[in-house]
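Read-outs: derived from the displayed coordinates by stated rules, not from any lab. Since the structure is predicted, the reported quantities are computational estimates derived from the model, not experimental observations. Because the Cβ atoms are built from the backbone with ideal geometry, glycine has one as well, and the counts that use them run over all protein chains shown.
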Amino acid sequence: MKARERFLAAPAQAAERERSESEHRAESRSEAVQTTQESFASLLDGLDWQGSQLARDDAFEAFSSDYVARVEIDGDSRLIESSVPLRARNDDGKLEAVDLTLERQADGTIEPVNPAVPLELPRALEDGIDVGKGTGEITITPADAAGATTAATVDGVAALWASTSTDTDFLAAPVPQGGLETFTQLRSPAAPEISKLHVTSEHGDIALVPSPQGEVFVNRDGVRIGRFAPAWAVDAQGTPVEVRTTVQDDSIVLEVKHRDADLAYPILVDPIYEDWFNGGRRWDQGSTAGLRDGTWQYTENPAGWYPHDTRCVSGVNCGGTGDGFYIYTYANVGYNPAAGHIAEYYYTVHEWNSRTTYIPRVDYWQKNFWWGAGANFWTINGIFAPSYGNWTGYQLNGQHQDSNNSQYVAVQSGNNINTVPAAAGKQAVWGAFPNGTSHPAAAALSLGASIVYLDDPEDPTINVSHSAPAPSGWVRDYTDRISFNASDPGLGIKAFNVFYGNKVWTSNQPTTDGGACAGGKGRPCYTYRDGYFDLNAQALGSGTHAIGVCAYDALGKSGATGCKSTRTVKIDRTPPVVELSGDLYDAQDTGSMVDPFDLKVLATDAHSGVTSEEIRIGGQVQTPVFDSGCSCWSFRYKGGVGPTTVSVVVRDAVGNEWSSSWNVDVLDPKDEGEDEQQFNTDRSAPAPETPSAITESDYCQDTGGVCTEAPPALPEGRSGSGTQGFGWGMSDPSVEFMDRPEFTSLGLKKVRIIVPWDLLALAKPQDLVALGLTRPSLPSRSRSCPKINGNGATRTFNLPFYGQYDGDGEYGKPSYNHSLRGYAAWLNKARAAGYEVMVAFNRTEFRSAYCYLPTTAEYRTAVGAFVDAFPWIKDYAAWNEPDHKFEPTSPFYSKIRGTSSTAGLYRAGQFWRILKSELCTTCRVTAGEFSGKIDTRGGAGSGLQRYIDGTRSSGKLPPLRWSYHAYAQADARPSVANEVGNTRTKIANFIASTTYVKQGSPTIVPELWLTEQGGRVHVYREKQGNSMSDAIARTGQAATNLFDLISIFPSITRLYWYDLESVPEGAVRFNGAAPTPYPFDSALLNPDGTARPAYTKFKACVVSNIC
């Protein structure tokens, strides 16, 4: 009698079986979980795949393929090659480590962290288990699911729903190949002997096709998309239990005759589903040449005596594996194998007899053994050293275990363990051989998956040479070919890196079929590789650059012999940095100045140094003197009146040159007053019929009809079509645009960004600390705002939501990453580049609070903190597009809040007054910033009038600087009757409605800044049905329309184009939101960086004054 039979016949085991018939009746969910943990602990341990353990330990350092990766184990790097995927795409489409650890989601469902194939385990079992994706997705639902409890997790590897039927539970667990393993747990004889699994799909008709071996194939529309492996069952004492599998319509029927058997409860019934459609691993063809790329091979001696396969077909030993390695023996057919008749799967190191690569460790997942009565087999699982004919002694989970009698046996008779050096281990082996010569009973063993660890003892060795001599000192030009070769006798050369300055060039090396090598057996790396890299000064850029080359093996090792630092090169391709100041420089903006004047030139060069400065006025070289007070060159000049040209050229030691020139008209001092009079005449207001201007007597009623504040000086008006001295700018939320040559070549000096009003109030604590700022304290009361659909329901929330910036931003462009640190990076980069920054405040970036309209006190506190944090910013808009539907200041939200439709616009006017008169009195603060939705004729009760009313303060002047977004004017089509004229009339009305009439003084026409402009491609596409090419072509007309506005209305003194580069139609937003078919697009460049007609015209106007 075998040890297993003696074990079951013992009185204690018999008593345990009798006791188990009633011990687990009517258990709660928590009790059912405990029963599973106590009765099938080893099975649950086996479900915890080693790849998940590596992912949880954050052991993955790099992936070479889906099956090969570099991991860190106990401080050492190892290359691993797996028989199942080590990585898969996550929900965002990014490749990450496969991690089957179960996590409960917010909606109560349970999902693996990152499975090979999507799997969702429902909270309520009757909702069904969804496995797969797309047209390969199916839903598995037990027939008695409606009565089950909600799901619980068991040790993070399985989900359990208790009481699907009397004393019956249902469990499900993911498997690494892609799919899931299901279990029905029978806790007493009262549990049913028949259970059903319904299989359905939303993507087509499902057909369940049984096979004689007990498996069930899943076909959809004639295509095989998956397979249920032959079901098996085992009781609490490890005794196999027969399962009969049939198909009935859309259901798999599992029949277990347990009531009249002598069994220990609970019993687990286990069919496993393999997803072939999404997993892409069709091991059903019976291939025994190896799994995936031939990395595992099969052998037996003598041949033909051991049935074997890469899927379970025996029906007796399929637990927890599905696809894998299977070996069987025949029963009662006259087969009496002798000792030494071996059947095994094995993995051999690539070119093992010539390479130094070895196997320090191998992990076997889901090892299962079953011997029939009378069989006596030994199992083999370890690492073999062919050169020694012996084993290295590394076996996972002890040595080699017969699961029926729990006896540990040697690997092979006569072989000693732990006597062979680990570095000699070249084969990982899994198999069996008989002990003795008479084995009439069947035997079976299976392995679900394996991970083989690889290493080698040495680092690569590299040689490097240069085609050019090493330069001495600073140079402007440099060309060199760096040649290199490297060898590694073990894992081979996987990559070269050439380091030059702070840049890296990487060359990944090929494998034998030309693709990139991974380092394992499937895609080995060559032991010798060479190459070269051409380097020049343009690639290096300015600075001091250390140059070196490293070779890496498949483990990422380079070591002391794999890297060489060869030389240092000093490149200067950057012109000196020059800062100009003085009367003559300021004349660039005005176009004219009064003689005499001065000019200061501060020139620095961080590399080779400044060697010369040359200043010319009217072609004549000037002689400046060095001013130690400013460490700059300066001079004062008086040379007569009239037009003249100023040029400044500064050079460094290697010939880089900075230059600038501009034209000025030097005026005689006696003419200055006459020009001022002309200024007033040019800026007289247009006189449309309907609009009425802002009068002093009406605006300052509270001070007796007199505005006591003195009017500020406004820039000169313009006449004709000239744009000399006009304020051009760019409004773009991305920080990258400032580096684009398409932008820098425009020579613009002004940039604009939109910032949430509560940026500092909601900032992450670490951002405040990093920037040395303090959080402004907002009142702690709860806030509420209506839903956007206007049904009256409200959402209530409490500030602060520190760091919760979850807004959409620009489609696909999270350039300033919606944090204080991100916005500060944009602002500080613009400042460092010398741009004049304009900031427009906007709604919060906390999406749930988009509709919240701050009080004046909250605005004063939060915006005041921003102004204090960035005191160098002098241009502001109090609120961006207050008339736009989705702004909390708009009539839309005002109505939903139950207030008058213009209440929000009144509040926006108050924001202007607070910012202009309290927070930044010396700043240029524009009023309005309207999107074009507002009625520009104004008048009593209108939105524009209510905005103006909000700007009132005792004795203070009305706004004398306004901003407007004239998109409709840019989009006007000359071919459509009256469209151009009507849109121009709207601008004329706006200018007339904001004109200020002061008693006894000349009428003042305020400045008008067009702070967001461009041709709206998305409007031409979505609302007017243009093709993309026609829509892009129309951007040129949009630019012409805007230049016409500038020519017609002299009070327009600035224009900011929005923005530089567009995003593709249908682009996914950066926060993962659904794609937008027609994202907002008024950009100058196409998504691929090519120029649109608008860019060509804009550049001609800005750079060459050809408008």
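Amide H of G932: which non-local residues (sequence gap of 5 or more, or other chain) have their own amide H closer than 5 Å, using H built in the peptide plane?
Here H965 satisfy the definition.
Which ³J(HN,Hα) values, rounded to whole Hz and listed in residue order, are derived for segment 855-860 from phi using the Karplus coefficients 6.51, -1.76 and 1.60 in 6.51 cos²θ - 1.76 cosθ + 1.60 with θ = phi - 60°, glycine and proline given as x?
6, 5, 5, 5, 4, 4
By the scheme Lys and Arg +1, Asp and Glu -1, what is the net charge of all other residues having a beta-carbon under 13 Å from that of E21?
Working: positive: R17, R19, R25, R187, R259; negative: E16, E18, E23, D167, D235, D260, D262.
My count for the surroundings of E21 gives -2.
Percent relative contact order of segment 461-571, based on C-alpha pairs within less than 8 angstrom and at least six residues apart? The partial results should precede the final answer.
Numbers: 266 pairs, mean separation 38.4, N = 111.
Dividing the mean separation by the residue count of segment 461-571 yields 35 percent.
Distance between the C-alpha centers of segment 510-558 and segment 1-73? Whole Å please.
45 Å
Under 5 Å between amide hydrogens, which residues at least 5 positions from I73 or on another chain qualify, with H placed 1.01 Å from N in the peptide plane?
Amide H neighbours of I73: R78.
Determine, for each peptide in 64-73, 762-771, 382-391, the mean count of other beta carbons within 10 angstrom over its residues, then list the peptides with the highest first.
Numbers: 64-73: 21.2, 762-771: 16.4, 382-391: 19.1.
Ranked from most to least packed, the peptides come out as 64-73, 382-391, 762-771.
Could you rank the peptides 524-532, 1001-1009 by their average count of other C-beta atoms within 10 Å per residue, with the highest value first? Each step should come with its number before you reach the end.
Working: 524-532: 18.1, 1001-1009: 20.7.
The most tightly packed comes first, giving 1001-1009, 524-532.
At most 14 other Cβ atoms within 10 Å and a DSSP loop assignment: could you name the trypsin sites (Lys or Arg not before Pro) in segment 969-1064 that fit?
Values: sites: R984, K986, K998, R1016, R1021, K1023, R1034, R1054; in loops: K998, R1016, K1023.
Those satisfying the criteria are K1023.
For D57, D48, what ranking results if the residue with the fewest other Cβ atoms within 10 Å of its Cβ goes first?
Details: D57 11, D48 18.
Starting with the residue having the fewest Cβ neighbours, the order is D57, D48.
In whole Hz and in residue order, list the ³J(HN,Hα) couplings for segment 1004-1019 that follow from phi through the Karplus curve 6.51 cos²θ - 1.76 cosθ + 1.60, θ = phi - 60°; x for Gly and Pro.
10, 8, x, 5, 10, 9, 8, 8, 9, 9, x, x, 7, 4, 5, 5
Which whole-Hz couplings ³J(HN,Hα) result when phi for each residue of segment 942-952 is put into the Karplus expression 6.51 cos²θ - 1.76 cosθ + 1.60, θ = phi - 60°, listed in order with x for Gly and Pro?
6, x, 5, 5, 5, 4, 4, 4, x, 7, 5
At a 10 angstrom cut-off on C-beta neighbours, averaged per residue, how do the peptides 933-940, 908-915 rank from highest to lowest?
Result, highest mean Cβ count within 10 Å first: 908-915, 933-940.
Would you mind counting up the charge near A1039? Only other residues with Cβ under 13 Å from its Cβ, with Lys and Arg at +1 and Asp and Glu at -1.
On the way: positive: R1016, R1034, R1092, K1097, K1099; negative: D971, D1044.
Net of charged neighbours comes to +3.
Quick query: amide H of S165 versus all other amide H atoms, modeled in the peptide plane; which residues come in under 5 Å with a sequence gap of 5 or more or a different chain?
The list, which skips near neighbours in sequence, is empty: none.
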